[in-house]
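A.B. asks: Sharing a structure, written as structure tokens. Questions coming.
The values are calculated or read from the model by the stated rules, or taken from the named source; none is laboratory data. Predicted, not measured: the structure shown is a model, and the values here were computed from it. Glycine gets a Cβ as well: all are built from the backbone with ideal geometry, and neighbour counts include every protein chain shown. For accessibility, only protein heavy atoms count, side chains too; no ligands or nucleic acids. Shrake-Rupley method; radii C 1.70, N 1.55, O 1.52, S 1.80 Å.
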Amino acid sequence: MKLETVLQRIPCTIIVKGKGFDELDLRSIVASDLMSDVLTAVDDRFLIVTSLNSEQVIRTADIVGAPAVLLVNGKQPQNGMVRLAEEFGITLLSTPLPTYKVCYLLGCFLESK
Amino acid sequence: MSTIPINTQESPPFLLDLIYRLKVKDVMTKEVITAQRETPLRQIQYIMKEKGITGVPITDDEGKRLFGIVSMDDIIRALDGGYIQDPAERWMSRNLIVLEDDMPLQFAISYLDKFRYGRFPVLNKDRELVGIITSRDIIIALLVEVNKEVEKLEQRIVQPPSKPGEEARRIYHVRKYDFENAGKASAGIKKLLMERNLDPKTLRRISVAAYELEMNLIVHSEGGTLTFRLEKDRVEIEAKDRGPGIPDVEQAMEEGFSTANEWIRSLGFGAGMGLPNAKRVSNEFTIDSKVGEGTTVRAVIYLPGQSAS
Ligand SMILES: Nc1ncnc2c1ncn2[C@@H]1O[C@H](COP(=O)(O)OP(=O)(O)OP(=O)(O)O)[C@@H](O)[C@H]1O
Ligand SMILES: [Mg+2]
């Protein structure tokens, strides 16, 4: 799934354009508000969907090699989060939709493929 | 007012070096709050109150040309003398002691000692007002620099000499609930390994272990150290803390077991997956814990292409 698909299907604002923004390919989605859950993922190159808006999300993304983070429920990033996302080259998005809606919309798309 | 006690020959060379290396312009406040010659003293009194300052330079409309300064003392005298409605021009101090922005900080310190004013306007080469410097500015700047130096010294003291076969070692001090710096130690470890072109899979396993152990120090312990050792065929990460210890290590290792409270969970921790995660990515994993004393967690990850000894 291309990042472009996410941008088309989910109403969201782009906060940080990370490394390779234009041709980003996402292999899957991990949705959680607890970062150790995200750190159990064996894959990399997935989209993190979370309502947690702290620096720890970006640090976690960097460790597991997740190139993009989507904040749900209209959450705005805390101060340090944007700076860190820029430093690590991680794309940061924000949507007013709740987690389940995001997963439903993207899930339908992934299933139909 | 006592003098600032670092302007002497007995001061450590580091401090002397510092006060000559730093320039007035590195330390001064650049957004100067000014007033004009016709501004009533009453209004300057309000400005001081609102901005929490004790001296206001009097300038032209652009805030560049300096004519004088009105200090808190001038305001008190005006209140006493009943002329608080007068324009600043009539009562401002005109005998100004100013500093130049390129002077070393040492000048500002000796001026503060010598002239007993609380602040000095700072001019550039073209005699334009570019800042104002107070003892507060100086104290903050010195503290920042001294802190950096102390940190460097501390690092040097706690890095013990390396053992034979050890290629690198780092010791990070991790404080309880210091979420501001959470993850910096593991980021440092990752950076060090990236410079060594480690394969991404192994790097990720090491990062996960380091991060989980670092977070547990911050979230659950009274504080401690995260030690990283790189040897030819392995990486070892050891988290050692000062308490409180884990009453039931087996239970702590269960997936999903967590004692994290609500506010910790709201920060994104407490899935109860940290220790199992760290174990999963490690080749060797041990926990030693004693309630009331502390916990030591050791994770070893073998490097590929090397059979572990
Ligand atoms: N250094 C430590 N000192 C004291 N207790 C600890 C320490 N590390 C872990 N624990 C205990 O072990 C439990 C499990 O730890 P683990 O890292 O697996 O999960 P967690 O930290 O609670 O949540 P997560 O890591 O998923 O954010 C913790 O909830 C805590 O009670
Ligand atoms: Mg943990």
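A.B. asks: Accessible area, 1.4 Å probe, largest first: how do B:Trp91, B:Trp263 sort?
C.D. replies: I get B:Trp263, B:Trp91, largest accessible area first.
A.B. asks: Determine ³J(HN,Hα), in whole Hz, for all residues of region A:94-108 in sequence, where each value follows from phi through the Karplus function 6.51 cos²θ - 1.76 cosθ + 1.60 and θ = phi - 60°; x replaces Gly and Pro.
C.D. replies: 9, 10, x, 5, x, 3, 5, 5, 4, 5, 4, 4, 6, x, 4
A.B. asks: Between B:Arg65 and A:Arg83, what's the calculated FRET efficiency when r is the beta-carbon distance and R0 is 25 Å? Round to 0.05.
C.D. replies: So, using R0 = 25 Å, E works out to roughly 0.05.
A.B. asks: Averaged over peptide B:276-287, how many Cβ atoms belonging to another chain are found within 10 Å of each residue's Cβ?
C.D. replies: 1
A.B. asks: Any idea of A:Lys19's accessible area? Nearest 10 Å², probe 1.4 Å.
C.D. replies: Looks like 150 Å² after rounding.
A.B. asks: So what are the ³J(HN,Hα) numbers for region B:291-302, from phi and the Karplus equation (6.51, -1.76, 1.60; θ = phi - 60°), rounded to whole Hz, Gly and Pro as x?
C.D. replies: Per residue, the Karplus-derived 3J(HN,Hα) values read 4, x, 10, x, 10, 10, 10, 10, 10, 10, 10, 6 Hz.
A.B. asks: In percent, how large is the relative contact order of chain B, given Cα pairs closer than 8 Å and 6 or more residues apart?
C.D. replies: It rounds to 13 percent for chain B.
A.B. asks: Starting from the amide H of B:Val130, placed 1.01 Å from N in the peptide plane, find each other amide H under 5 Å away whose residue is 5 or more places distant or on another chain.
C.D. replies: Distant-sequence amide H within range of B:Val130: B:Val122, B:Leu123, B:Asn124.
A.B. asks: Going by a ≥ b ≥ c, the root eigenvalues of the Cα gyration tensor, does region A:3-112 fall in the rounded group (a/c under 1.5), the prolate group (a/b larger than b/c) or the oblate group?
C.D. replies: It is rounded, given that a/c, with a ≥ b ≥ c, falls under 1.5.
A.B. asks: Could you sort B:Thr134, B:Thr39 by accessible area so the largest value comes first, with the probe set to 1.4 Å?
C.D. replies: Largest accessible area first, the residues go B:Thr134, B:Thr39.
A.B. asks: Against the longest alpha carbon principal axis of chain B, how many degrees, from 0 to 90 and to the nearest 10, is the axis of helix B:184-194 turned?
C.D. replies: In chain B, helix B:184-194 runs at an angle near 70 degrees to the longest axis.
A.B. asks: Right, something else. What figure in square angstrom, to the nearest 10, would you give for the accessible area of B:Met103 with a 1.4 Å probe?
C.D. replies: Estimated to the nearest 10 Å², B:Met103 gives 40 Å².
A.B. asks: Now for a separate question. Compute, for B:Arg169, the solvent-accessible surface of its heavy atoms (probe 1.4 Å) with the complete set of protein chains present, and express it in square angstrom to the nearest 10.
C.D. replies: Estimated to the nearest 10 Å², B:Arg169 gives 40 Å².
A.B. asks: Using Cα springs under 10 Å in a Gaussian network model of chain B, which residue among B:Lys148, B:Lys114, B:Lys64 shows the largest mean-square fluctuation?
C.D. replies: Looking only at B:Lys148, B:Lys114, B:Lys64, the largest GNM fluctuation is found for B:Lys114.
A.B. asks: Next question. If the chain between B:Arg90 and B:Glu151 were fully stretched, how many nm would it gain, using 0.36 nm times the residue separation less the Cα-Cα distance?
C.D. replies: 16.9 nm
A.B. asks: Could you check which residue among B:Glu100, B:Glu250, B:Glu231 shows the biggest mean-square fluctuation in a GNM of chain B with a 10 Å Cα cutoff?
C.D. replies: B:Glu250
A.B. asks: Sort B:His173, B:His220 from largest to smallest accessible area, using a 1.4 Å probe on the heavy atoms of the protein chains.
C.D. replies: The residues order as B:His173, B:His220, largest area first.
A.B. asks: In whole Hz and in residue order, list the ³J(HN,Hα) couplings for region A:54-71 that follow from phi through the Karplus curve 6.51 cos²θ - 1.76 cosθ + 1.60, θ = phi - 60°; x for Gly and Pro.
C.D. replies: 10, 4, 4, 5, 5, 4, 4, 4, 5, 5, 8, x, 8, x, 9, 10, 10, 7
A.B. asks: Additional query: R0 = 51 Å: FRET efficiency of B:Arg42 with B:Glu222, Cβ-based, nearest 0.05?
C.D. replies: Plugging the Cβ-Cβ distance into 1/(1 + (r/R0)^6) gives 0.40.
A.B. asks: Could you work out the relative contact order of chain A, using alpha carbon pairs under 8 angstrom and six or more residues apart, expressed as a whole percent?
C.D. replies: 31 percent
A.B. asks: Can you give the calculated 222 nm mean residue ellipticity of the protein assembly as shown, where each DSSP H run of n ≥ 4 adds -39,500 (n - 2.57) and the sum is split over every residue, rounded to the nearest 500 deg cm²/dmol?
C.D. replies: Mean residue ellipticity, 222 nm, calculated: -11500 deg cm²/dmol.
A.B. asks: Can you pull the one-decimal nm distance between simple spin-label points at B:Lys163 and B:Arg116, each 7 Å off the Cα toward Cβ?
C.D. replies: About 6.4 nm separates the two model spin labels.
A.B. asks: Pull up the DSSP beta bridges for chain B and report the antiparallel fraction as a percent, rounded to 5.
C.D. replies: Close to 90 percent.
A.B. asks: What is the antiparallel percent of DSSP beta bridges lying wholly in region A:3-112, to the nearest 5?
C.D. replies: Antiparallel: roughly 20 percent of the beta bridges in region A:3-112.
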